[in-house]
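Please read the structure below before turning to the comments.
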Amino acid sequence: MELIINSELFNKCGCGSSEYWFSYKDYTVKNIRDLDTDAKPEDMGQTTYFVSIGLIPFLTISNEEIIRSFVRQKGNNKLDAIFEKIRGEEFIDTFWKYFNAYPELKDGLEEFANTYTHSKIAEWCNENNINYRFE
């Protein structure tokens, strides 16, 4: 079996959400809201139960993680110093303000995000011994 990595799967690892879990049984990524927990023993936590039935948390990548990597990759010391001090939603808001002021930030963000996500998914699959292919 192989995990098929496509645009739908990309969306499931975005925004830092932890609602998706990978199933070793059928090599799919499932939303925890769709999982049947009726068989879960009362004295067992949800995470322990999911792991016991062959599920592991799927990779999560936040927008902040991608954008921080993008800014670092640009190698602009002034921008690095500005963004290093900022966290969370304030970081994203500040990035978009600087995006319009610094032409180098406009160059290649979407391509970088796709490459970064591809790389992180492949790394995650390798760490978890999951066969995969990009569609």
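The values are calculated or read from the model by the stated rules, or taken from the named source; none is laboratory data. If you're wondering where the values come from, they're calculated on a predicted model, not measured in any experiment. Every residue, glycine among them, receives a Cβ derived from its backbone with ideal geometry; neighbour counts consider all protein chains shown. Ligands, DNA and RNA are excluded from the accessible area calculation, which covers all protein heavy atoms including side chains. Shrake-Rupley method; radii C 1.70, N 1.55, O 1.52, S 1.80 Å.
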Just to be sure I understand: with springs between alpha-carbon atoms less than 10 Å apart, which residue in Glu64, Glu104, Glu42 has the highest mean-square fluctuation in the Gaussian network model of the chain? Glu42
Can you pull the percent of the stretch 54-126's accessible area that's carbon plus sulfur, 1.4 Å probe, other chains left in place? 49 percent
Residues other than Thr60 with Cβ under 10 Å of its Cβ, Lys/Arg counted +1 and Asp/Glu -1, net out at 0
(1) 2.47; (2) 1.13; (3) 1.27: which one is Cα Rg over 2.2 N^0.38 Å as calculated from this entry? (3)
Highest GNM mean-square fluctuation, the chain, Cα pairs closer than 10 Å: which of Ile67, Ile121, Ile53? Ile53
Can you give the local net charge around Ser23? Use residues other than it whose beta-carbon is closer than 15 angstrom to its beta-carbon, Lys and Arg +1, Asp and Glu -1. -1
Taking a straight Cα-to-Cα line shorter than 24 Å from Lys25, and setting aside same-chain lysines fewer than 8 residues away, one finds Lys12, Lys40, Lys120
Heavy-atom accessible area per residue - the chain, 1.4 Å, Å²: 62 Å²
Percent RCO, i.e. relative contact order, over the chain, from Cα pairs under 8 Å lying at least 6 residues apart: 34 percent
Could you let me know the centre-to-centre spacing of the stretch 28-72 and the stretch 76-106, using Cα atoms, in angstrom? 30 Å
Lys, Arg +1 and Asp, Glu -1 on Cβ, resulting dipole of the stretch 7-60 about Cα centre, debye, nearest 20: 200 debye
Taking the dipole of the chain about the Cα centre (Lys, Arg +1; Asp, Glu -1; charges at Cβ), the one of Thr94, Cys125, Ala81 that reaches farthest to the positive side is Ala81
Below 20 Å, Cα to Cα, which aspartates and glutamates can Lys30 reach? Residues fewer than 8 away in the same chain don't count. Glu2, Glu8, Glu19, Asp38, Glu123, Glu127, Glu135
Connecting every pair of Cα atoms under 10 Å apart in the chain and solving the GNM, the largest mean-square fluctuation among Ser69, Ser52, Ser18 falls on Ser52
Nearest-0.05 FRET efficiency for Leu35 and Phe134 at R0 = 41 Å, using Cβ-Cβ distance, is 0.95
Antiparallel bridge percentage (DSSP; both residues within the chain; nearest 5): 65 percent
To the nearest 20 debye, what charge dipole does the stretch 13-135 have about its Cα centre, counting +1 at the Cβ of each Lys and Arg and -1 at the Cβ of each Asp and Glu? 380 debye
With -39,500 (n - 2.57) per DSSP H segment of 4 or more residues and division by the full residue count of the chain, the 222 nm estimate, nearest 500 deg cm²/dmol, is -15000 deg cm²/dmol
